[in-house]
Amino acid sequence: MSGTHTHALFVHGHSHLHRLPASTKLGALGLFVLAVVLTPRESFWAFVVHAVLILSAMWLAGLKPGFVAKRLVIEIPFVLFALFLPFVAGGDKLDVLGLSLSIEGLWGGWNIVAKGTLGLAASIVLTATTTVPDLLSGLERLRVPRLITSIAGFMVRYLDVIAGEMHRMRLAMLSRGHDPRWIWQAKAYATSAGALFIRSYERGERVYYAMTARGFAGQMPTFDAERATATEWMGALLLPAVAWTAVAVAVLA
Amino acid sequence: MSVPALEVVDLSYHYPDGTEVLRNAGFHIHPGERVALLGPNGAGKTTLVFHLNGIFRPDSGSVIVAGLPLDDEHVKEIRRRVGIVFQDPDDQLFMPTVGQDVAFGPANYGVEGAELQTRVNDALSAVGMLDVAGRPPHHLSVGQRRRVAVATVLAMKPEIVVLDEPSSNLDPASRRELADILTSLDITMLMVTHDLPYALELCPRSLVMNEGSIIADGSTRQILSDRELMKANRLELPLGFDPNLTL
Ligand SMILES: Nc1ncnc2c1ncn2[C@@H]1O[C@H](COP(=O)(O)OP(=O)(O)OP(=O)(O)O)[C@@H](O)[C@H]1O
Ligand SMILES: [Mg+2]
């Protein structure tokens, strides 16, 4: 019952990429994505550079292309949207196999697919090589307010617990003859949503008691996340540095 | 006589909705004692536990920990001295990793750096869970979570540990492992439990609570052998279990 989904993104490993402090990886990801976004859509070669960077990061981390590809499927709605663009966008038209495609739409679609895929692939590499607790403490190191990291932490921690409660309530309903296929049974769902809210609320209250019992007085303690060394930062920033160089050349050329 | 580790005097409490739960409950526990708190569902045991470190404040009566009265001035110190292990470890383990969770208590009291690390390691070793320090709590079994929950309290170096139904939901092996851990700790203990053989094994002395009052206090073996008392308080031994034949 306990959370397989929180592990779904992480791949156990001991690569250099796994070992880099989370803060440096987060910084590198942010800078890389920014570079991708700023890349002029006509500079195909720059996109090739970005893609090669991602592939080398995947190779360094020991990630299989299939793993990353499978996780890229959440991108499909955006890809569909991008495929749609050449048909609906205005401007000059191009005839391909008897279809009249908008040139502006083609560029727009390409732009979305290329940048979306690169950004997403980079995030997948990050989450595959960094555990959630490390990500949280990395964010904290990068001065994301503790209130936000704590809330994110609680969410991750209790997602499973609440999902488990929901699952048990559903089973209890089913075992007493509830049949969700019938619309008039929707009321049972509405009621159970209410019950789930109350239960989660009570859970929150008990967790708060447990925190108070151990001396909590409104301020979450900080734990020193491992401090990244200059070498580690340099290693992590190598990737966005190459990407930014490509962007600079593309823009200036 | 030594100063009691914990003294509860004439405690009364009702919930905001009017339910009267504690009625002049009183007892005391001396340093080094292991005491079981028995009683039927709804007797008020958990409510009493919440009073022992000031999470709830009584309508009347008082709680005194090692001579310190529980008031606004001493509540923080008393929370360090009285460690509570909650019934559901999912309520108690709320940090992203086991290690951070164990560190949470001492960190709130200003312990940091190497000293904090030592506290965490010592507490986790005491319950045999040092190797899971980096894992998130939701990846542990219920038995492991219960042990980590005990560690979160031990890390605060409490003078008395209060456990609310520590053996519930544990399989027989985990129940046994926890008993071994609890007996290995040299610490004053109050243990709420419905598991009467567990109480007999771990606690030489028992209190019986019903309808918000402590109505019996004595040797666990004697209490479990008193048929009248047991029946009147809805306490039942497992079939065939004879408290005078064990140990
Ligand atoms: N938040 C609350 N508001 C109102 N009444 C409550 C609340 N919590 C508990 N009660 C009531 O207080 C009484 C005592 O509850 P408590 O949880 O202390 O009993 P307990 O002895 O721990 O029982 P159990 O063995 O089932 O854990 C019960 O009648 C319960 O319904
Ligand atoms: Mg209870």
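If B:Val65 satisfies all but one of (1) away from ligand 1 (no atom under 16 Å from the Cβ); (2) among the aliphatic types (A, V, I, L, M); (3) more than 14 Å from chain A (Cβ to nearest Cβ), what's the number of the condition it fails?
Condition not satisfied by B:Val65: (3).
Could you count how many residues in segment B:16-50 are out of contact with any helix residue (DSSP H, G or I) (no Cβ under 8 Å at 6 or more places or on another chain) and either within 10 Å of ligand 1 (Cβ to nearest atom) or part of a strand (DSSP E or B) (or both)? Reasoning before the result, please.
Filtering segment B:16-50 for residues out of contact with any helix residue (DSSP H, G or I) (no Cβ under 8 Å at 6 or more places or on another chain) gives B:16-20, B:23-24, B:26-33, B:35, B:40-49.
With the extra rule that they be either within 10 Å of ligand 1 (Cβ to nearest atom) or part of a strand (DSSP E or B) (or both), the set shrinks to B:16-20, B:23-24, B:26-29, B:35, B:40-49.
Residues that pass the stated criteria total 22.
Only one of B:Ile160, B:Ile181, B:Ile223 is surrounded by fewer than 22 Cβ atoms within 10 Å (Cβ to Cβ) and away from ligand 2 (no atom under 16 Å from the Cβ); which?
Values: B:Ile160 fails: surrounded by fewer than 22 Cβ atoms within 10 Å (Cβ to Cβ); B:Ile223 fails: surrounded by fewer than 22 Cβ atoms within 10 Å (Cβ to Cβ).
Going through B:Ile160, B:Ile181, B:Ile223 in turn, just one is surrounded by fewer than 22 Cβ atoms within 10 Å (Cβ to Cβ) and away from ligand 2 (no atom under 16 Å from the Cβ): B:Ile181.
Just give me the residues in segment A:140-157 being more than 8 Å from chain B (Cβ to nearest Cβ) and either in a loop (DSSP other than H, G, I, E, B) or surrounded by 14 or more Cβ atoms within 10 Å (Cβ to Cβ) (or both), in sequence order.
Of everything in segment A:140-157, those that are more than 8 Å from chain B (Cβ to nearest Cβ) and either in a loop (DSSP other than H, G, I, E, B) or surrounded by 14 or more Cβ atoms within 10 Å (Cβ to Cβ) (or both) turn out to be A:Glu140, A:Arg141, A:Leu142, A:Arg143, A:Val144, A:Pro145, A:Arg146, A:Thr149, A:Ser150, A:Ala152.
Quick check on segment B:70-81. Is at least one of its residues on the phi > 0 side of the Ramachandran plot and within 13 Å of another protein chain (Cβ to nearest Cβ)?
Step one: list which residues in segment B:70-81 are on the phi > 0 side of the Ramachandran plot, which gives none.
Scanning segment B:70-81 turns up no residue that is on the phi > 0 side of the Ramachandran plot and within 13 Å of another protein chain (Cβ to nearest Cβ).
Which condition breaks for B:Val49 when tested against (1) within 19 Å of A:Phe216 (Cβ to Cβ); (2) away from ligand 2 (no atom under 16 Å from the Cβ)?
(2)
Residues that are free of Cβ contacts under 8 Å to residues at least 40 places away in the same chain: which strands (runs of 3 or more DSSP E) entirely in segment B:180-247 hold 3 or more of them?
On the way: elements: B:188-192, B:205-210, B:213-219.
Once the strands (runs of 3 or more DSSP E) in segment B:180-247 are filtered for at least 3 residues that are free of Cβ contacts under 8 Å to residues at least 40 places away in the same chain, what remains is B:213-219.
Please work out which residue is nearest to the other protein chains (Cβ to nearest Cβ), limiting yourself to segment B:2-15 and to residues that are in a loop (DSSP other than H, G, I, E, B) and more than 7 Å from ligand 1 (Cβ to nearest atom).
Initially, segment B:2-15 is screened for residues in a loop (DSSP other than H, G, I, E, B), giving B:2-5, B:15.
Okay, now just the ones that are also more than 7 Å from ligand 1 (Cβ to nearest atom), so B:2-5.
Working: B:Ser2: 25, B:Val3: 23, B:Pro4: 21, B:Ala5: 17 Å.
It comes out as B:Ala5.
Residues in segment A:216-228: is at least one at pLDDT 90 or above and either facing chain B (nearest Cβ under 8 Å) or within 29 Å of the chain's Cα centre (by Cα) (or both)? I'd like the intermediate steps shown before the answer.
First, the residues of segment A:216-228 that are at pLDDT 90 or above: none.
Within segment A:216-228, none of the residues are at pLDDT 90 or above and either facing chain B (nearest Cβ under 8 Å) or within 29 Å of the chain's Cα centre (by Cα) (or both).
Quick one: would you say B:Ser174 is crowded, with 16+ Cβ neighbours inside 10 Å, under 19 Å from B:Lys45 (Cα atoms) and among the hydroxyl-bearing types (Ser, Thr, Tyr)? Full working, then the answer.
Values: crowded, with 16+ Cβ neighbours inside 10 Å: yes; under 19 Å from B:Lys45 (Cα atoms): no; among the hydroxyl-bearing types (Ser, Thr, Tyr): yes.
The answer is no for B:Ser174.
Would you check which residues across segment B:128-168 are β-branched (Val, Ile, Thr) and under 20 Å from B:Lys45 (Cα atoms) and list them?
Looking only at segment B:128-168, we keep the residues that are β-branched (Val, Ile, Thr), and these are B:132, B:142, B:148, B:150, B:152-153, B:160-162.
Matches in segment B:128-168: B:Val150, B:Val153, B:Ile160, B:Val161, B:Val162.
Among (1) away from ligand 1 (no atom under 16 Å from the Cβ); (2) hydrophobic (A, V, I, L, M, F, W, C); (3) in contact with an Asp or Glu (Cβ under 6 Å, 6 or more places away or on another chain), there is one condition B:Leu229 misses while meeting the rest; what is its number?
Going through the list (1) away from ligand 1 (no atom under 16 Å from the Cβ); (2) hydrophobic (A, V, I, L, M, F, W, C); (3) in contact with an Asp or Glu (Cβ under 6 Å, 6 or more places away or on another chain), B:Leu229 breaks only (3).
Every residue, every condition in (1) of a type in the set (A, V, I, L, M, F, W, C); (2) within 30 Å of B:Pro243 (Cα to Cα), yes or no:
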| residue | (1), (2) |
| --- | --- |
| B:Ser125 | no, no |
| B:Met129 | yes, no |
| B:Pro136 | no, no |
| B:Ser141 | no, no |
| B:Lys157 | no, no |
| B:Leu178 | yes, yes |
| B:Ser184 | no, yes |
| B:Glu211 | no, yes |
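Could you please give the count of residues in segment B:13-46 that are within 27 Å of B:Glu236 (Cα to Cα), touching a residue at least 60 places away in the same chain (Cβ under 8 Å) and away from ligand 2 (no atom under 16 Å from the Cβ)?
Matching residues across segment B:13-46 total 9.
Scan A:Ser56, A:Ser100 and give me the residue that is outside any helix (DSSP H, G or I), away from every other protein chain (no Cβ under 14 Å), loosely packed, with under 15 Cβ neighbours inside 10 Å and at negative phi. Lay out the reasoning, then the answer.
On the way: A:Ser56 fails: outside any helix (DSSP H, G or I).
Result: A:Ser100 is the single residue among A:Ser56, A:Ser100 that is outside any helix (DSSP H, G or I), away from every other protein chain (no Cβ under 14 Å), loosely packed, with under 15 Cβ neighbours inside 10 Å and at negative phi.
From the list B:Phe104, B:Phe94, B:Phe86, exactly one residue is at the interface with chain A (Cβ under 8 Å from one of its Cβ atoms), hydrophobic (A, V, I, L, M, F, W, C) and in contact (Cβ under 8 Å) with a residue 60 or more places away in the chain. Which is it? Let's see the steps before the verdict.
Values: B:Phe104 fails: in contact (Cβ under 8 Å) with a residue 60 or more places away in the chain; B:Phe94 fails: in contact (Cβ under 8 Å) with a residue 60 or more places away in the chain.
After ruling out the rest, the residue left standing is B:Phe86.
Residues being closer than 15 Å to B:Asp90 by Cβ and either aromatic (Phe, Trp, Tyr) or in a helix (DSSP H, G or I) (or both): count how many of those fall in segment B:121-149.
Qualifying residue count for the region: 11.
The values are calculated or read from the model by the stated rules, or taken from the named source; none is laboratory data. Predicted, not measured: the structure shown is a model, and the values here were computed from it. Note that we place each Cβ from the backbone using ideal geometry, even for glycine, and neighbour counts take in every protein chain shown.
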